[in-house]
Amino acid sequence: MTESADTATTPPLPVRTADWWREAVIYQVYPRSFADANGDGMGDLPGVRSRLPYLRDLGVDAVWLSPFYASPQADAGYDVADYRVVDPMFGDLDDAVALMAEAHRHGLRIIVDLVPNHCSDQHEWFQRALREGPHSRLRERFHFRDGKGNQGQEPPNDWESIFGGPAWTRTKNPDGTPGQWYLHLFAAEQPDFNWDHPAVRDEFASILRFWLDLGVDGFRIDVAHGMVKAEGLPDLGSLEQTKLLGANASPSFDQDGVHEIYRSWHTILKEYDGQRIGVAEAWAPTLARTANYVRPDELHQAFNFQYLATSWQAGALRTVIDETLDAMREVGAPATWVLSNHDVTRHTTRFANPPGLGTQIRTPGDPELGLRRARAATLLMLALPGSAYVYQGEELGLPDVTDLPDEARQDPAYFRAAGQDGFRDGCRVPIPWTVDGPSYGFGTGGSWLPQPATWAGLSVKAQSGQDGSTLEMYRTALAVRRSHPALGAADNLRWLDSAGDVLIFERTSGAATFTCTVNLTGAAITLPVPGRPLLASAPVQVTAEQAVLPPDTAAWWTTG
Ligand code: NOJ
């Protein structure tokens with residue numbers, strides 16, 4: 001099944017700043033929903049390539065592409081059938097290489113998704129393991145077990161899938177009788193690999209090299225905390241079932257043994273020039289545990305999901321920011337801030353709803369309030385020390401689509417949890433580029449999920465050049481972030497006193513000081529002017545001494 005890679009490889013980007021990832025802004029492209037070049041209603045790699053100038057002009061440093069590998073799409077490509085093949089719905093390997101080469105010409109790095117915890121049930125190894133029956137050596141590469149009960153009719157342990165229902169599915173023997181069970185922490189179509197098996201480790205080292213040789217600048221590692229399970233797969237018993245952002249230790253996630261894998265991958269990444277990186281999607285229970293993934297000999301970044309899950313409240317935000325900076329300082333790693341991705345309700349809609357609803361929300365809340373807060377939250381995030389991720393469409397202020405018809409939904413979590421959970425389709429709706437056309441410029445055909453009519457006004461075309469639009473705010477913020485000497489990676493954040501639901505901090509480099517002021521209250525506040533205004537998320541009135549910040553507004557200032 002492996003496609004031949006006679007395609008020319010692309011040279012790495014020259015390294016201009018040492019450790020570029022420490023302050024990079026990385027834009028997540030969800031390929032299905034970014035741009036559709038062939039008009040089939042589904043985004044593709046040539047579509048992404050055609051929009052690279054947009055990303056360059058937006059001012060990001062790198063692009064992370066969610067999976068585009070051969071896959072039956074049971075979990076939107078996070079069920080990989082062949083790690084070295086591009087799924088025809090996205091293009092082919094030549095398209096991937098051409099995309100990397102062109103991105104590099106624009107000064108953009110490309111990070112690809114790597115899915116090592118599980119594969120697709122259509123992966124050749126798993127299919128052989130099923131075919132060859134209980135004694136197949138291939139079964140050792142997964143977690144196959146006999147069931148409990150006198151007929152083996154009960155799952156081998158009490159773990160539940162993150163998508164709902166048992167984490168085990170029973171197989172049929174080649175003769176049709178009920179057979180062993182296999183473990184899948186996600187959908188049944190995503191069997192977990194057994195990372196104690198050397199063939200699994202060797203295969204992934206080879207997959208890393210395959211993509212590194214083709215020129216990728218790094219990997220976002222899916223479920224980076226999942227590959228190693230507690231010895232013997234013990235029952236949870238009275239422990240709470242594992243949630244992605246649960247506060248408890250779990251036998252299925254964040255086991256110490258996983259770090260050995262990252263130490264070996266660190267060595268592989270280092271063999272290549274151009275500072276290639278690894279980014280952990282590790283939903284560890286604490287920031288200190290998250291920091292373990294970015295120790296100097298492991299990966300480079302780890303998404304800060306604790307920050308993502310924090311509500312719009314000054315005290316809570318200040319605490320999580322401090323805890324993050326402390327935890328990352330311990331290991332000498334940058335903080336990696338993120339507000340949205342393809343798995344959570346977009347932050348515009350999260351902030352439109354009351355706090356405490358989690359990251360899967362089905363109500364639109366107050367969209368105007370949500371957008372106001374989202375814009376302020378962006379200026380807060382981009383002012384913090386370290387790196388930041390931007391999820392496609394957040395620069396347009398897109399809300400989640402909370403009223404998708406049930407028949408349009410594709411998220412496996414929605415089906416496994418009988419419609420009670422799994423609202424991830426709402427953040428995956430294709431983004432609008434133009435004010436008209438069949439899918440607002442997403443492509444010449446339709447769009448695999450319906451786009452709301454109101455998105456015409458939120459399109460790139462509608463917002464470009466419009467003073468005060470969310471898109472122009474992002475463009476300015478990213479340009480300021482690149483040029484202000486006190487911003488970026490430096491660990492120089494100092495809080496200034498403030499009363500109530502207000503955050504004020506400054507960052508200094510030499511004679512230059514940058515100040516960020518955030519009013520999280522629902523009323524305007526008056527502050528002494530901290531310097532020359534640079535940018536604000538809503539119009540701020542400034543006199544010689546005083547600045548009036550409207551409700552839910554952030555502003556950037558500079559001196560020197
Ligand atoms: C995390 C990915 O971001 C998500 O989309 C996917 O469903 C799970 N991992 C399983 O691969």
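Tell me, please, whether a residue that is crowded, with 17+ Cβ neighbours inside 10 Å, outside any strand (DSSP E or B) and of a type outside the set (Gly, Ala, Ser) can be found in the stretch 144-154.
no
When you go through Gly370, Gly356 one by one, which is the residue that is assigned by TED's automatic domain parsing to the domain that holds His104, at pLDDT 95 or above and more than 26 Å from Asp497 (Cα to Cα)? Even if it seems obvious, please write down each step before you answer.
On the way: Gly356 fails: at pLDDT 95 or above.
Of the residues listed, the single one that is assigned by TED's automatic domain parsing to the domain that holds His104, at pLDDT 95 or above and more than 26 Å from Asp497 (Cα to Cα) is Gly370.
Report yes if Leu520 is more than 28 Å from Asn353 (Cα to Cα) and among the hydrophobic types (A, V, I, L, M, F, W, C), otherwise no.
No.
For the stretch 407-418, indicate whether the set of residues that are crowded, with 22+ Cβ neighbours inside 10 Å and in contact with a Phe, Trp or Tyr (Cβ under 6 Å, 6 or more places away or on another chain) is non-empty.
The answer is yes; a qualifying residue exists.
For Ile221, only one of the following conditions fails: (1) within 16 Å of the ligand (Cβ to nearest atom); (2) modelled with pLDDT of 95 or more; (3) not assigned by TED's automatic domain parsing to the domain that holds Gln360. What is its number?
Status for Ile221: all satisfied but (3).
Could you please find all residues in the stretch 295-340 being among the hydrophobic types (A, V, I, L, M, F, W, C) and either without any contact (Cβ under 8 Å) to a residue 40 or more places away in the chain or assigned to a loop (DSSP other than H, G, I, E, B) (or both)?
Leu299, Phe303, Ala309, Trp312, Ala316, Val320, Ala333, Ala335, Leu339
Quick one: in the stretch 124-178, of everything that is of a type in the set (Ser, Thr, Tyr) and without any contact (Cβ under 8 Å) to a residue 40 or more places away in the chain, which residue is nearest to the ligand (Cβ to nearest atom)?
Checked the stretch 124-178; the qualifying residue nearest to the ligand (Cβ to nearest atom) is Thr169.
Out of (1) without any contact (Cβ under 8 Å) to a residue 24 or more places away in the chain; (2) within 30 Å of Trp455 (Cα to Cα); (3) surrounded by fewer than 16 Cβ atoms within 10 Å (Cβ to Cβ), what's the single condition that is false for Thr543?
(2)
Does Leu114 satisfy the condition of being at pLDDT 95 or above, in the same structural domain as Arg220 (by TED's automatic domain parsing) and among the hydrophobic types (A, V, I, L, M, F, W, C)? Even if it seems obvious, please write down each step before you answer.
Working: at pLDDT 95 or above: yes; in the same structural domain as Arg220 (by TED's automatic domain parsing): yes; among the hydrophobic types (A, V, I, L, M, F, W, C): yes.
Yes: the conditions hold for Leu114.
With respect to Ser250, is the statement that it is assigned by TED's automatic domain parsing to the domain that holds Ala388, under 25 Å from Tyr27 (Cα atoms) and either touching a residue at least 40 places away in the same chain (Cβ under 8 Å) or crowded, with 20+ Cβ neighbours inside 10 Å (or both) true?
no
Could you say which residue among Thr345, Thr349 is at pLDDT 95 or above, touching a helix residue (DSSP H, G or I) at 6+ places or on another chain (Cβ under 8 Å) and part of a loop (DSSP other than H, G, I, E, B)? Give the derivation first.
On the way: Thr349 fails: part of a loop (DSSP other than H, G, I, E, B).
Testing whether each residue is at pLDDT 95 or above, touching a helix residue (DSSP H, G or I) at 6+ places or on another chain (Cβ under 8 Å) and part of a loop (DSSP other than H, G, I, E, B) leaves just Thr345.
Which of the residues spanning the stretch 24-36 are out of contact with any helix residue (DSSP H, G or I) (no Cβ under 7 Å at 6 or more places or on another chain) and either surrounded by fewer than 20 Cβ atoms within 10 Å (Cβ to Cβ) or part of a loop (DSSP other than H, G, I, E, B) (or both)?
Ala24, Tyr30
For the stretch 409-448, which residues satisfy the criterion of being charged (D, E, K, R) and within 12 Å of the ligand (Cβ to nearest atom)?
Asp411, Arg416, Arg424, Asp425, Arg428
Restricting attention to helices (runs of 4 or more DSSP H) lying wholly within the stretch 409-522, give those where 2 or more residues are among the hydrophobic types (A, V, I, L, M, F, W, C) and under 30 Å from Gln313 (Cα atoms).
470-483
So for the stretch 115-133 (the condition being crowded, with 18+ Cβ neighbours inside 10 Å, outside any helix (DSSP H, G or I), on the phi > 0 side of the Ramachandran plot and not charged (D, E, K, R)), does at least one residue qualify?
Within the stretch 115-133 (the criterion being crowded, with 18+ Cβ neighbours inside 10 Å, outside any helix (DSSP H, G or I), on the phi > 0 side of the Ramachandran plot and not charged (D, E, K, R)), the answer is no, since none of the residues qualifies.
The rows are residues; the columns are (1) crowded, with 21+ Cβ neighbours inside 10 Å; (2) under 23 Å from Gln275 (Cα atoms); (3) modelled with pLDDT under 95.
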site	(1), (2), (3)
Pro67	yes, yes, no
Ser71	yes, no, no
Val85	no, no, no
Gly91	yes, no, no
Asp95	no, no, no
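Quickly run through the stretch 134-143 and pick out the residues that are surrounded by fewer than 17 Cβ atoms within 10 Å (Cβ to Cβ) and touching a strand residue (DSSP E or B) at 6+ places or on another chain (Cβ under 6 Å).
Pro134
Would you tally the residues in the stretch 37-83 being closer than 26 Å to Glu472 by Cα, within 16 Å of the ligand (Cβ to nearest atom) and assigned to a loop (DSSP other than H, G, I, E, B)?
Of the residues in that region, 2 qualify.
The values are calculated or read from the model by the stated rules, or taken from the named source; none is laboratory data. On a predicted model such as this, the values are computed, not experimentally measured, just so you know. A quick note on method: Cβ atoms are made from the backbone with ideal geometry, for glycine too, and the neighbour counts reach across all protein chains shown.
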